[in-house]
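Remarks on the structure that follows.
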Amino acid sequence: MCSSKIRASLKRLKLHVLLGRNYSSLPGLIGNDIKSLHSIINPPIAKIRNIGIMAHIDAGKTTTTERILYYSGYTRSLGDVDDGDTVTDFMAQERERGITIQSAAVTFDWKGYRINLIDTPGHVDFTLEVERCLRVLDGAVAVFDASAGVEAQTLTVWRQADKHKVPRICFLNKMDKIGASFNYAVESIREKLKAKPLLLQLPVGEGRAFKGVVDVVRTEKLLWNPNSDDGKDFERKPLLEMSDPKLLKEATEARNALIEQVADLDDEFADLVLGEFSENFDLLPAEKLQTAIHRVTLAQTAVPVLCGSALKNKGVQPLLDAITMYLPSPEERNYEFLQWYKGDLCALAFKVLHDKQRGPLVFMRIYSGMLKPQTAIHNINGNCTERVSRLLLPFADQHIEIPLLTAGNIALTVGLKHTATGDTIVSSRSSALAASRRAKREGEKKQKENSEAERLLLAGVEIPEPVFFCTIEPPSMAKQPDLDHALKCLQREDPSLKVKLDPDSGQTVLCGMGELHIEIIHDRIKREYGLETYLGPLQVAYREAILNSIRATDTLDRTLGDKRHLVTVELEAKPVETSSLLPVIEYAASVAGDLSQASREAFENGVHSACLQGPLLGSPVQDVAVTLHSLVIHPGTSTTMISACVSRCLQKALKKADKQILEPLMNLEVTVSREYLSPVLADLAQRRGNIQEIQSRQDNKVVIGYVPLAEIMGYSTVLRTLTSGSATFALELSNYQAMNPQDQSMLLSQRHGLS
Ligand SMILES: Nc1nc2c(ncn2[C@@H]2O[C@H](COP(=O)(O)OP(=O)(O)OP(=O)(O)O)[C@@H](O)[C@H]2O)c(=O)[nH]1
């Protein structure tokens, strides 16, 4: 591109401050050293890294991200989560609570690489956010608290990353903390995550004595200047026999072990090592080892491990180097569906944010083709065509307007009114059809029966069923439409939030993933939509199940206007083990052949609506199969009447059956110092807790077990009181389990106002 064109295009680059945080400029983007506009906006794909940071709550993801942004030159001062002024935690609640709720995408450069980094939340209430982001990443950094090793939430996100086959590197953070142990943390990665750690670094000192790291690959030491207050000043020196005999010995042993480990996992490297360097590993060039580590990381047969202290500004620059060196570029990931698009646009909308001025902002990962502003795109899920009005590069709460973006990048679009989280975006309907034809030709055998659109959808994120609910009321009836609007916007952003109407009271009901989730939604409605709402008491989402088979018959005979609707249905409900809220629907041989498609659909709708409200508590019914034995329809009867009759008949059957209530059972992990173990265990016993194991973790005890969700509401306050604030806990839904008869009758009496 000629320089005048570059200048002209640069003028078009505008800086937009969308949510009120100010930065004077973006060094590297509008600086003097710009070589080519194209490489700034659309760097070569081999130089792009789409990376997530994931971990247990409080492991230091946000602090690490802040350091990364600072060292890469995009912020001028170091943010601090404890002071509430970090870039990625830009929502007001995050600043106040010091936790990350919404993932923010941040784009920056490091040594010629473009890094798109997504900061993901650590709290279990927001695991959907993590999963949604993992879906669009090519690699991830798992951050650990080096004094705690693998914690409960790390396991969850690690499993999620396994599911999406995301290559990872591990960063053992908090090496400065008293109790930090490199060996302990590495062991826990090996044992709990069943991963093979590749030790690319060793710490120089631990706890208060932590000074820097040894680069095992290059046998060099990196020491941070203790007088530097931002950690920019550090020196890298080769380890020498004269000055560092002990460290050199340790590093050499670690390097030899690393070489053997990598050779075991990578044949190409094994050939090289055995051929040229079998006599002396010291002669093996670092670059050859790094290339092999990159391959092994990509193959996910092992994980590189680095260490440092984000808070004390040590070890973050080598982490950035490792991200560019070992994690894959978009083209190294093998996305099967790309072949169908042949270079046409294919993107995934992975997050929607609502901006008051600009409306919905949609984050997209572009897999193939390019995205331009002022163009139409086709949404396969919504089967609609929409217009992208503007295209932005996301920089935390700032966004830079750009003229186009190519494959491998993460973009932020303005103007899409219907696109929701998880939608697949292509350039046009005809492009979707062409891709569908190719997919069909290339033998997508198992999906042959699916519709055209389904074949092309990028695998979405499974949305877990909410476990908590409560009513929400606007300050006055006149404000109900405003509340409905706010909830609609929030749902598009956050598919794990469900909103429904209570059919009896007519109240709006919020269903969420946890106490914090609902609290945050309540807060956001107030702050972002200016509505003071009232929440009813938080309730557990129970389910119901039947214990025996029951047959029922029902007839509906109604005349509406001059039309008679008459239908008689006979069906059977029986228990099955699916652990699912979706009823299994079957047709007896006697009716299967005679039913029209419309009657089948009407029957299924009736079954689904009856299963939404069980007879005991009005909770959804799980594990049920429904068989249609007979359906007699008078000519002219509407499908709505058929559904109504089926629903009434099934409810009759459910009422007659023996029934039980199922309650959500949570996996619980409490980390507590020894002195407080007894009161914690005694308290859990009173909460119907079932303790499976008590492990030792450094000076702490880790209590692992199950506890019913109903018993653990408000547990953070109780635990704080019991342990003087020294314990932490993590909760995760395990499954729904049958309540014992005593607990069930107590719950029923409470609900029906008998006690
Ligand atoms: N000692 C020590 N403390 C750290 C380090 N990194 C972070 N912290 C502290 O740990 C706490 C949590 O840090 P965050 O960066 O908010 O952790 P996070 O993982 O982003 O937390 P969530 O967003 O809530 O999941 C804060 O009090 C930090 O100051 C570190 O390297 N050493």
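The values are calculated or read from the model by the stated rules, or taken from the named source; none is laboratory data. Since the structure is predicted, the reported quantities are computational estimates derived from the model, not experimental observations. So basically every Cβ, Gly included, is an ideal-geometry build from the backbone, and we count neighbours across all protein chains shown.
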**Asked** If you check L222, L172, L198, which single one turns out to be in the same structural domain as D58 (by the TED database), at pLDDT 95 or above and in contact with an Asp or Glu (Cβ under 7 Å, 6 or more places away or on another chain)?
**Response** L222
**Prompt:** Which of the residues that make up segment 130-156 are assigned to a strand (DSSP E or B) and more than 14 Å from the ligand (Cβ to nearest atom)?
**Reply:** G139, G149
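Any idea which of L361, L371, L353 is touching a Pro at 6+ places or on another chain (Cβ under 8 Å) and under 25 Å from C489 (Cβ atoms)?
Result: L353 is the single residue among L361, L371, L353 that is touching a Pro at 6+ places or on another chain (Cβ under 8 Å) and under 25 Å from C489 (Cβ atoms).
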**Item:** Test: residue in segment 598-606 that is modelled with pLDDT of 90 or more, farther than 30 Å from L748 by Cβ, polar (S, T, N, Q) and more than 40 Å from the chain's Cα centre (by Cα)
**Value:** no
**Request:** Considering only segment 484-524, state which residues are part of a helix (DSSP H, G or I), of a type outside the set (D, E) and within 26 Å of Y542 (Cβ to Cβ).
**Result:** L487, L490, Q491, L516, H517, I518, I520, I521, H522
**Those residues of segment 157-184 which are touching a strand residue (DSSP E or B) at 6+ places or on another chain (Cβ under 6 Å) and either of a type in the set (F, W, Y) or within 13 Å of the ligand (Cβ to nearest atom) (or both), in sequence order** = V157, F171, L172, N173, K174, M175, D176, F182, Y184
**Asked** Has segment 97-105 got any residue that is more than 9 Å from the ligand (Cβ to nearest atom) and modelled with pLDDT of 55 or more?
**Response** yes
**Request:** Kindly provide the set of residues from segment 375-386 that are assigned to a strand (DSSP E or B) and closer than 12 Å to T419 by Cβ, ordered by number.
**Result:** I377, H378, N379, C384, T385, E386
**Request:** At least 1 residues that are of a type in the set (G, A, S) and closer than 20 Å to V467 by Cα in each: list the strands (runs of 3 or more DSSP E) lying fully within segment 663-755 that qualify.
**Result:** 700-708, 728-738
**Prompt:** Among the residues of segment 307-329, which ones are within 13 Å of the ligand (Cβ to nearest atom) and among the hydrophobic types (A, V, I, L, M, F, W, C)?
**Reply:** C307, A310, L311, V316, L319
**Request:** Return the only residue of L247, L284 being out of contact with any helix residue (DSSP H, G or I) (no Cβ under 9 Å at 6 or more places or on another chain) and aliphatic (A, V, I, L, M).
**Result:** L247
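Applying the selection to segment 26-64, what residues are small (G, A, S), surrounded by fewer than 20 Cβ atoms within 10 Å (Cβ to Cβ) and at pLDDT 85 or above?
Within segment 26-64, A46 is the sole residue that qualifies.
Give the residues of segment 624-643 that are within 24 Å of S549 (Cβ to Cβ) and surrounded by fewer than 21 Cβ atoms within 10 Å (Cβ to Cβ), sorted by residue number.
A625, T627, H629, S630, V632
Could you please let me know if A453 is at pLDDT below 70, closer than 22 Å to A349 by Cβ and either in contact with a His (Cβ under 9 Å, 6 or more places away or on another chain) or not assigned by the TED database to the domain that holds I366 (or both)?
Values: at pLDDT below 70: yes; closer than 22 Å to A349 by Cβ: yes; either in contact with a His (Cβ under 9 Å, 6 or more places away or on another chain) or not assigned by the TED database to the domain that holds I366 (or both): yes.
So A453 passes the test.
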